[in-house]
Structure formats: C-alpha cells, structure tokens
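First up is the structure itself, then whatever we jot down about it.
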Amino acid sequence: MPEGMLYPIMLRLKGKRCVIIGGGKVAERKAAALLAAGADQIEVIAEQVTDDLARLGQAGLVRIVDRQYDSDDILRASLVIAATSNSTLNARIVSEADSLGIWANSVSDGDEGSFVTPAVVRRGDLVIGITTNGASPSLAARLKVELEQSYGDEYAVRLRALRLLRDRLLHANNTRSPEAEQADTKQLLQAAAADDSGWHELAQVLQDGFQTELNPMLIDRWIERLRKPRT
Ligand SMILES: C[C@@]1(CC(=O)O)c2cc3[nH]c(cc4nc(cc5[nH]c(cc(n2)[C@H]1CCC(=O)O)[C@@](C)(CC(=O)O)[C@@H]5CCC(=O)O)C(CC(=O)O)=C4CCC(=O)O)c(CCC(=O)O)c3CC(=O)O
Ligand SMILES: NC(=O)C1=CN([C@@H]2O[C@H](COP(=O)(O)OP(=O)(O)OC[C@H]3O[C@@H](n4cnc5c(N)ncnc54)[C@H](O)[C@@H]3O)[C@@H](O)[C@H]2O)C=CC1
C-alpha cells in the first residue's frame, strides 16, 4: 500500500552527483533516464554490470565502480537509486541516504524510498512524467506510449516557437503602461498556446534552418495574427 502522496517536481541534474547501486537491467534503465535528463555525474556501484552500462562506462558517460556497496558511496550525492537485486540492501541504502538528507529511490519497494521514478515522455522542452505511485508501473508505461502517440516531435518545434514569441513579448520595449502591457501580453501568450495552426509557419522556418534565432518579423506577424483572429 502507498504510504503517502507524491509531490511532482522536475529536477536539473547537471553537476549533481547521482549514485546508482546495482548494475542490472533496472539500473541500466535508471541510468539511461538520468542521462536523458542531462545528468553528467552518474556513478554506478556494482561488481556486475550489463553490457550497455559497461559501454556507457567506456564512453565516459557514467563512472563504474567495480565493487559492492559501501556506506561511504553515497556521501555528497544529491540523488541515490538503490537498484540491486537484494531488497534488504536496497532498504538499508535508502535509509542511510535518508539520514544524510539525500533523496533516494528503492527499485524493490516504492514505499521505502523518498521518491519514485515516473515513466517519461520527452519532446524538447515538453516533459511529461507519469506515475501511479507504484500501484501499476505497467499502466504508467502504457500511458506513456499513448501520450507519445498524441504528442509527437512537432511539440518540440512548437515549444521553440512559443519560447521565441514569449521572449519577444516579455523583453519588448514599449511605451504603454505596465498594467495595460501585462494584460495584453498575458492574453497574447494564452492565445499563442491555444493557437493550433499559427505556429506552423515559424515551425517550418525553425525546422528548415535549424535556427535558434528567428527573424523577428516572423514573430511580429504571428503576434499580429493573434491580435486579430480570423473571422
Ligand atoms: C515504485 C517504483 C519504484 C521506482 O523504480 O522508482 C517501481 C517499483 C517496481 N516496479 C516493479 C516492476 C515493474 N516495473 C516496470 C517498469 C517501470 N517501473 C517504473 C517505475 C517504478 N517501478 C516506480 C513507480 C512507478 C509508478 O507506478 O508510477 C517505470 C515507470 C519507470 C522506470 O523504472 O524508469 C518503468 C516503466 C518505464 C517505461 O516504460 O518508460 C515493469 C514493466 C517493464 O519492465 O516493462 C515492471 C514489471 C510489471 C509490473 O510489476 O507492473 C516492481 C516489482 C519488481 C519485482 O518483481 O520484484 C517494483 C517494486 C514494487 O512493487 O514496489
Ligand atoms: N523498479 C522497477 O522498475 C523494477 C524493479 N525490479 C526490481 O529490481 C531488482 C533488480 O532487477 P535487475 O536489474 O533486473 O536485477 P539483476 O539481477 O540483473 O541485477 C542486480 C544487480 O545488483 C547488483 N548487486 C547485488 N548485490 C550488490 C551489492 N551488495 N552491491 C552492489 N551491487 C549489488 C548485481 O551486481 C547486479 O548488477 C529486482 O530484484 C526487482 O525486484 C524489477 C523490475 C522493475
């Protein structure tokens, strides 16, 4: 039974020490998820690691420590994942992490750790995390596949366009009163998020040119269209 409710947050892991104990298939999946999230200080403590983890080690993407767990392994870690096949050891690891104030996850019992790992859909800046609080990891995995079908790669491009529009609106110089400006900007940003077709022109340019910068005129044209919706 779940011991409590969950508070979802999205972490920035660049520069943070993440320690995975265990090197099997489950540890490999957790390492892949950390890498996909930009973690660049991942340590894997295990005498036996999968071929894929060994390859990640050779590529310098994770550091493999070839021995059994020692309590000192988690010192100065920001995140700990106890992913061994020994559930008693996993429980001990998360309890040691807890007493050091470190967030920890046990793959053998979701209730024991201080966090659980969700299934994740990534489309550029769009990140959707799905959890069932351990009630059914398989359902989380299935919902992920469903969401992947509904939210395709175009969302990465759509968000790049929306970010550029938002930057332009929030950093634009103008002479109107701040109150009037704020109301107008908020309305435009909401309209842009709801606009299912206006961003296509921008998206085309972004995709064709692999640009990070857009011609401001294109964004201004979009803003104009948003201000005067077609009748
Ligand atoms: C509590 C949690 C703790 C944690 O790991 O954080 C946990 C715990 C356990 N999982 C178990 C089994 C399975 N887990 C999966 C798959 C995933 N498990 C994931 C997360 C979580 N699993 C956390 C809660 C997630 C939530 O509910 O929201 C996903 C979403 C994310 C990820 O792991 O990255 C990933 C799908 C990712 C994807 O598809 O993208 C499959 C299916 C498969 O492998 O295909 C099975 C077999 C079928 C089944 O049991 O449903 C067992 C029993 C182990 C045993 O038999 O001994 C336990 C132990 C327990 O029951 O507590
Ligand atoms: N949370 C999840 O998503 C899931 C969790 N599980 C659970 O995860 C556990 C691990 O699964 P797999 O990776 O498939 O197992 P596995 O048997 O492939 O790997 C176990 C790993 O633990 C390591 N290990 C064992 N004792 C250790 C110690 N003292 N110190 C350091 N490393 C140690 C082994 O060297 C090995 O690398 C399973 O026992 C199962 O209960 C299984 C499926 C999904």
Candidate set: segment 99-131, residues that are over 17 Å from the mean Cα position of the chain (by Cα) and of a type in the set (Ser, Thr, Tyr); chosen: the one surrounded by the fewest Cβ atoms within 10 Å (Cβ to Cβ): Ser99
Residues being crowded, with 16+ Cβ neighbours inside 10 Å and either within 14 Å of ligand 1 (Cβ to nearest atom) or not charged (D, E, K, R) (or both) - total across segment 79-98: 12
Selection count where residues are over 30 Å from Trp222 (Cβ atoms) and within 17 Å of the chain's Cα centre (by Cα), scope segment 133-147: 5
Single residue of Gly15, Gly38 found to be outside any helix (DSSP H, G or I), on the phi > 0 side of the Ramachandran plot, surrounded by 12 or more Cβ atoms within 10 Å (Cβ to Cβ) and under 18 Å from the mean Cα position of the chain (by Cα): Gly38
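Okay, residues lined up against (1) modelled with pLDDT of 85 or more; (2) outside any loop (DSSP other than H, G, I, E, B); (3) in contact with a strand residue (DSSP E or B) (Cβ under 8 Å, 6 or more places away or on another chain):
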residue: Arg142; (1), (2), (3): yes, yes, no
residue: Glu148; (1), (2), (3): yes, yes, yes
residue: Gly152; (1), (2), (3): yes, no, yes
residue: Arg163; (1), (2), (3): yes, yes, no
residue: Arg166; (1), (2), (3): yes, yes, no
residue: Leu169; (1), (2), (3): yes, yes, no
residue: Leu202; (1), (2), (3): no, yes, no
Within segment 113-153, considering residues that are in contact with a Lys or Arg (Cβ under 8 Å, 6 or more places away or on another chain) and of a type outside the set (Val, Ile, Thr), the one nearest to Leu100 (Cα to Cα): Ala119
Residues of segment 148-196 classified as over 15 Å from Leu218 (Cβ atoms) and basic (Lys, Arg), total: 2
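Table: residues versus (1) within 14 Å of Val19 (Cβ to Cβ); (2) near ligand 2 (Cβ under 10 Å from one of its atoms); (3) out of contact with any helix residue (DSSP H, G or I) (no Cβ under 7 Å at 6 or more places or on another chain); (4) not in a helix (DSSP H, G or I).
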residue: Glu47; (1), (2), (3), (4): no, yes, yes, yes
residue: Arg55; (1), (2), (3), (4): no, no, yes, no
residue: Arg67; (1), (2), (3), (4): yes, yes, yes, yes
residue: Ala77; (1), (2), (3), (4): yes, no, yes, yes
residue: Ser85; (1), (2), (3), (4): no, yes, yes, yes
residue: Ala97; (1), (2), (3), (4): yes, no, no, no
residue: Asp111; (1), (2), (3), (4): no, no, yes, yes
residue: Gly129; (1), (2), (3), (4): no, no, yes, yes
Restricting segment 204-231 to residues that are under 28 Å from the mean Cα position of the chain (by Cα) and in a helix (DSSP H, G or I), the residue that is modelled with the lowest pLDDT: Gly209
Tally of residues being more than 22 Å from Met10 (Cβ to Cβ) and in contact with a helix residue (DSSP H, G or I) (Cβ under 8 Å, 6 or more places away or on another chain) across segment 99-109: 3
Number of positions in segment 115-141 that are more than 6 Å from ligand 1 (Cβ to nearest atom) and under 19 Å from Ala32 (Cα atoms): 12
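The values are calculated or read from the model by the stated rules, or taken from the named source; none is laboratory data. The shown structure was predicted, so the numbers you read here are calculated from the model rather than taken from an experiment. Quick reminder, even Gly has a Cβ in these numbers, built from the backbone with ideal geometry, and neighbours come from all protein chains shown.
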